[in-house]
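The values are calculated or read from the model by the stated rules, or taken from the named source; none is laboratory data. Small disclaimer: the values here were computed from a predicted structure and weren't measured. Cβ sites come from the backbone with ideal geometry, for glycine too, and all protein chains shown count toward neighbours. For the accessible areas, the whole protein counts, side chains as well, though only heavy atoms, and no ligand, DNA or RNA atoms are used. Shrake-Rupley method; radii C 1.70, N 1.55, O 1.52, S 1.80 Å.
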Amino acid sequence: MEHERSTDDTGEIPLPPRPGTGGTRPPRGPRRWRPDLLAALVAALLVAAPAAVLVAGRSGGDAAPGRAAERTGDRAGARGPVVGGGGATAAWPSWGLTHTQHTLPLSAAASRQRAATARQPVAQVQSLMGWGATNPEPSPGRHDFTTLDRRVDLIRATRGTPVITLCCAPDWMKGGTAGRTDWTRLEKAPDPAHYDDFANLAATVARRYPDVRHYLVWNEFKGFWDPARNTWDAAAYTALYNKVYTALKKVDPRIRVGGPYIPMDSNPPGQGPPSEVSGPWGAVDPRVLEATRYWLRNKAGADFLAVDGASLPGRTGRPGQAPARVNEIDALAKFPAVTRWLREQSGDRLPVWWAEWYVQPRGVTWSDERLGAVQTAAMMEFARGGASAAFYWSPQVATSAECLGCLWSGTAAGNRGTPTLTMLQNFTRWFPPGTPLLAMASSNPDIRVLAQPRQMVAVNTTGRPARTLLNGKALELGPYESRWIPL
């Protein structure tokens, strides 16, 4: 896990940008599939008339607003697999973003970016303390929600579905001095004697924002590592979780609460102990699996199951772990493998959320195009693999120009949403939980495809032009190109 820290209590928390994020691409004109090929494919699939056209390729255009896809397979003439599980529907948060230290302001200067975000609303996550929010309760009973108010107002202004991550805790709850904030201790968990105080703070937040109906409890088990036993302290986390869950449900039983938000660390192939969740991409650390099982057995209740992690092994692993030697596209199979295990453990009663996800190796900078292609392919794995939600961790950088992984461009680049934002919006529109998926066979494994009765997305995962046959019809894509094609 990476350490997020700061030195003051001003709200400008200087956190390092997380590696492994993609960003903007040079504008390219829309590219359409040839009408004759599209018509043939439509006839082969027996789908209905085409819907409104979305962005083609990764040209940076905004996703058009519109209703989500139908939740049955009737239009395709047959029922098949659907996106998500555990009871989630299209009304649930699905694909979206997490606000970090630097994000959109509410000033007039960012009006174009906000308009681009509101055009197709997505789920938006904000932390209680840290990552752009100051200490909400510097002293017992003395609250300061100034910065959190701004973030919630931003989500409202962009028509997003708000989600609050209940992390982290004021200093006086973890042995610090009341009235002071030491940002170097942000990741310390509250002392057990203050679990009730943290739960009361959570309830105060829920009463302050009655329109916020989804809460993640804590973040990545921060402060819950037991060095003496060399494993996660699942019992301590679950004790905190249960108090927070109970407090939130007392405020409003309709509030949805989830955990354990634990990092699904994995070891490279051939390294580490045996694991029941493994594949050519590596093996999940058994300690993570056991901690998750403990929470499932002992939780007071839950409305969804949240985890985070990277596709490549070693991305969030323990120090000293050998570097991964896994192809980044093959590694994406980790996401559905872990999702399937989680659904099995919960008896498929809880929707699975990926609170954070990463696809780029540590210390490596890919081209913007390559990163965008891998991110799109990862989103396909989430949608196809049974996840109900996944939230993109927005880069923690301030810029007036372009930046890798940014969701919005700066003044020098036109103050608009980027292709990365558009990609998340398109998945939100076309592949929410409950969406039926069509069987779409690609003859070229380098081109990955995801389709529903009204829309499909295809991505070339290589740095060279590629051609494939989709149910017998040809499709050509440029290097690392992704394209949305109405059916």
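Scan the range 135-150 for residues that are among the basic types (K, R) and part of a helix (DSSP H, G or I) and the total you get is 1. For G141, the conditions (1) free of Cβ contacts under 8 Å to residues at least 24 places away in the same chain; (2) closer than 26 Å to A91 by Cβ are fulfilled apart from (2). Quick check on my filter: what residues within the range 163-176 are open to solvent by 10 Å² or more (accessible area, probe 1.4 Å) and either under 16 Å from W354 (Cα atoms) or of a type in the set (S, T, N, Q) (or both)? Passing the criteria: none in range. When the test is whether a residue is in contact with a Phe, Trp or Tyr (Cβ under 8 Å, 6 or more places away or on another chain), in a helix (DSSP H, G or I) and surrounded by fewer than 23 Cβ atoms within 10 Å (Cβ to Cβ), A236 passes it. Of the set (1) surrounded by fewer than 15 Cβ atoms within 10 Å (Cβ to Cβ); (2) in contact with a strand residue (DSSP E or B) (Cβ under 8 Å, 6 or more places away or on another chain), all apply to M264 but (1). Scanning the range 151-204 for residues being in a loop (DSSP other than H, G, I, E, B) and touching a residue at least 40 places away in the same chain (Cβ under 8 Å) gives a total of 15.
Every test in (1) out of contact with any strand residue (DSSP E or B) (no Cβ under 6 Å at 6 or more places or on another chain); (2) modelled with pLDDT of 95 or more; (3) hydrophobic (A, V, I, L, M, F, W, C) is passed by L424 save one, and that test is (1). Would you confirm whether or not the range 431-446 contains a residue that is within 21 Å of D330 (Cα to Cα), modelled with pLDDT of 95 or more and open to solvent by less than 10 Å² (accessible area, probe 1.4 Å)? Looking for residues that are within 21 Å of D330 (Cα to Cα), modelled with pLDDT of 95 or more and open to solvent by less than 10 Å² (accessible area, probe 1.4 Å), one finds none in the range 431-446, hence no.
List every residue pair whose Cβ atoms lie under 7 Å apart, where the two residues are 6 or more positions apart in sequence or sit on different chains, the first residue falls within the range 95-111 and is in contact (Cβ under 8 Å) with a residue 12 or more places away in the chain, and the second residue, located anywhere, is open to solvent by 10 Å² or more (accessible area, probe 1.4 Å) and basic (K, R). Close Cβ pairs (under 7 Å, with a partner that is open to solvent by 10 Å² or more (accessible area, probe 1.4 Å) and basic (K, R)) amount to H99/R151; L104/R114; L106/R150. Against the list (1) open to solvent by 10 Å² or more (accessible area, probe 1.4 Å); (2) outside any loop (DSSP other than H, G, I, E, B); (3) aromatic (F, W, Y), the condition F427 fails is (1). For residues that are closer than 22 Å to Y195 by Cβ and hydrophobic (A, V, I, L, M, F, W, C), scanning just the range 132-162, find the one that is surrounded by the fewest Cβ atoms within 10 Å (Cβ to Cβ). Of everything passing the filter in the range 132-162, F145 is surrounded by the fewest Cβ atoms within 10 Å (Cβ to Cβ). Among the residues of the range 187-241, those identified as among the acidic types (D, E) and under 22 Å from W357 (Cα atoms) are E187, E220.
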